[in-house]
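The values are calculated or read from the model by the stated rules, or taken from the named source; none is laboratory data. Everything quoted here is computed from the prediction, not taken from an experiment. Methodologically, a virtual Cβ is constructed for each residue, glycine included, from the backbone with ideal geometry; neighbour enumeration extends over all protein chains shown. SASA here: full protein model, heavy atoms, side chains in, ligands and nucleic acids out. Shrake-Rupley method; radii C 1.70, N 1.55, O 1.52, S 1.80 Å.
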Amino acid sequence: MNFDTSKELFDQAVKVMPGGVNSPVRAYGSVGRTPLFIDHAKGSKIYDVDGNEFIDYVCSYGPGILGHAREEVIEAVQKAAVDGLTFGAPTRRETIIAEMIKEMMPSMEVTRLVSSGTEAVMSAIRTARGFTGRDKIIKFKGCYHGHSDGLLVKAGSAALTSSVPDSAGVPEGYTKTTLVALYNNEDSVRELFEENKDEIAALVVEPVAANMGVVPPKPGFLRFLRDITAENGTVLIFDEVITGFRLSLGGAQQYYGIKPDMTTLGKIVGGGMPMAAYGGRKEIMDHVSPVGKVYQAGTLSGNPVATAAGIKTLEILRDDPAIYDRIDASAKKIADALRKQGEKSGQPIWVNQVGSLLCAYFTKDPVVDYDGATSSNMQAFSDYFGYALEHGVYLAPSQYEAMFVSDAHTEEDIRKTCDVLMHACK
Ligand SMILES: *Cc1c(COP(=O)(O)O)cnc(C)c1O
């Protein structure tokens, strides 16, 4: 395969943008390459500027559950665009999508639309603090909730209770109130609640952790989080930016049968346009301005074109619930093929799969948390990634991203993918 045009474009891009990209995960540094520049995409396929065709499992890191450029969605976007791109005033579609969200996720009684997942989680946490009158929050090591200051923390090395910024430019004061627990580790959560009695405003969690590869919650873990937050008057926030409308129409909360107090959405909810949302119990959301005293605003929030794409995407998912059976079955086929390859060859491969999300780690031990995820052999991942790319399978250039299966992936795509990835493991 020839990547000359991408390389030329990359040389130009690095001169005017940090690392040549507008989001660091798009850089290919960790796999020792330079990124492909994309020309267009349709269905399950993505095409770079050198004319190479790939089966796409990045799906824009989650939004593409229907595949690329689905006709009905494009048509809805075109129709909306003709009527004007933004007004700074209410439109019908904002209410329609808020109603659809409530119908699909009954815990979201009241919703505020925003433009990115980062904004959604940042605002949900502010609301939880305003509601409880408390400052501290708990997050989990390895879970990602966007790049707002207070959430870019890593656990301090000494005690779990001291967290430090995980990015330059974040003042220590901003992360003092963020406590870090360990995913799938009930004791680490219990300890934080005991040491910070009546001080914890919110606990935020990815119900399936999908930013350290894919790590499912252990049986009972989400129920435990529901119970301990309820006992302590703490707002339970499910960050469903990835899992919302992906694991089921009602997201992870429906999939696992656990009802959070607040939920954040992104990725799929905008159908490929920049849109996200946060919401929850009316009693909590009534604290958001202009009703309440928690300030939060956005010039492009509830954008008319983005709501058009979001509504059409949710309609398609709602009207064809068998989509979830299809994409889950496709993901399972890939996971099974990789596991079989591991058994046959004796290579250390661990595969986690939940619904249409999956991730292969190059380690023998079960991956149940961040330390497990980071034990994967990075050179093996890099080789695997490179082989897949050269053979027409487009994966995220990072061990810590999920593979996203869409409804546009055909049986033929899945068969070819299994074949390529089994070879890629060698
Ligand atoms: C992607 C993601 C975010 C951030 O969303 P952006 O739209 O990139 O700001 C937040 N939480 C989770 C779980 C995500 O996967």
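Give or take rounding to whole Å, what are the principal axis extents of the alpha carbon atoms in the chain, in descending order?
That gives 57, 56, 46 Å along the principal axes, largest extent first.
Using only the Cα atoms of segment 290-379, construct the convex hull and provide its projected area averaged over every direction, in square nanometres to one decimal.
10.6 nm²
Using the Karplus curve 6.51 cos²θ - 1.76 cosθ + 1.60 with θ = phi - 60°, what ³J(HN,Hα) values do you get for each residue of segment 72-80, in whole Hz, with x for Gly and Pro?
4, 6, 4, 4, 4, 5, 4, 5, 5
Using a 10 Å cut-off on Cβ atoms, rank the peptides 205-217, 350-362, 289-301 from the highest mean neighbour count down.
Packing proxy ranking, top to bottom: 205-217, 350-362, 289-301.
For the cross-link pairs Lys42/Lys364; Lys154/Lys340; Lys141/Lys426; Lys42/Lys333; Lys282/Lys332; Lys102/Lys293, which exceed 26 Å when the distance is taken from alpha carbon to alpha carbon?
From Lys42/Lys364; Lys154/Lys340; Lys141/Lys426; Lys42/Lys333; Lys282/Lys332; Lys102/Lys293, over 26 Å: Lys42/Lys364; Lys154/Lys340; Lys141/Lys426; Lys282/Lys332.
Pop the C-beta distance of Ala89 and Tyr295 into the FRET formula with R0 = 22 Å and round what comes out to the nearest 0.05.
Efficiency at R0 = 22 Å is approximately 0.65.
Once you sort the root eigenvalues of the Cα gyration tensor of segment 173-322 as a ≥ b ≥ c, which label holds: rounded (a/c under 1.5), prolate (a/b larger than b/c) or oblate (the other case)?
Oblate shape, in that a/c is at least 1.5 and b/c is the bigger or equal ratio.
Could you state the number of Å between the C-alpha centres of segment 134-152 and segment 225-292?
Segment 225-292 and segment 134-152 have Cα centres separated by 15 Å.
Work out from phi, with θ = phi - 60° and the Karplus expression 6.51 cos²θ - 1.76 cosθ + 1.60, the ³J(HN,Hα) of each residue of segment 94-101, listed in order in whole Hz, and give x for Gly and Pro.
4, 5, 4, 6, 5, 5, 5, 4
Residue by residue through segment 125-137, what is 3J(HN,Hα) from phi via Karplus (6.51 cos²θ - 1.76 cosθ + 1.60, θ = phi - 60°)? Round to whole Hz and write x for glycine and proline.
Calculated HN-Hα couplings, in order: 5, 4, 5, 4, 5, x, 5, 8, x, 10, 9, 7, 9 Hz.
Once amide H atoms are built 1.01 Å from N in the peptide plane, which residues 5 or more positions from Phe140, or in another chain, come under 5 Å H to H?
Here the answer is Ala181, since their amide H atoms fall under 5 Å of that of Phe140.
Between Asp325 and Lys426, what FRET efficiency comes out of the Förster formula 1/(1 + (r/R0)^6) with R0 = 56 Å and r the beta carbon distance, rounded to 0.05? Intermediate values should be presented prior to the final figure.
Values: r = 32 Å, r/R0 = 0.57.
It comes to 0.95.
If you restrict to DSSP beta bridges whose two residues both lie in the chain, what percentage is antiparallel, to the nearest 5?
Counting only bridges with both partners in the chain, antiparallel ones make up about 60 percent.
Hey, rough spin-label estimate for Arg190 and Lys282, points 7 angstrom out along Cα→Cβ, what's it come to in nanometres?
For the pair Arg190/Lys282, the computed spacing is 3.8 nm.
Hand me the GluC sites (Glu not before Pro) from segment 376-426 located in a DSSP loop with no more than 16 other Cβ atoms within 10 Å, in residue order please.
Sparse-neighbourhood loop GluC sites (Glu not before Pro): none present.
Provide Rg over Rh for segment 71-319; use the alpha carbon set for both Rg and the Kirkwood Rh (inverse mean inverse pair distance).
Looking at segment 71-319, the ratio lands at 0.97.
In square angstrom, what is the accessible area per residue of segment 1-94 with a 1.4 angstrom probe?
58 Å²
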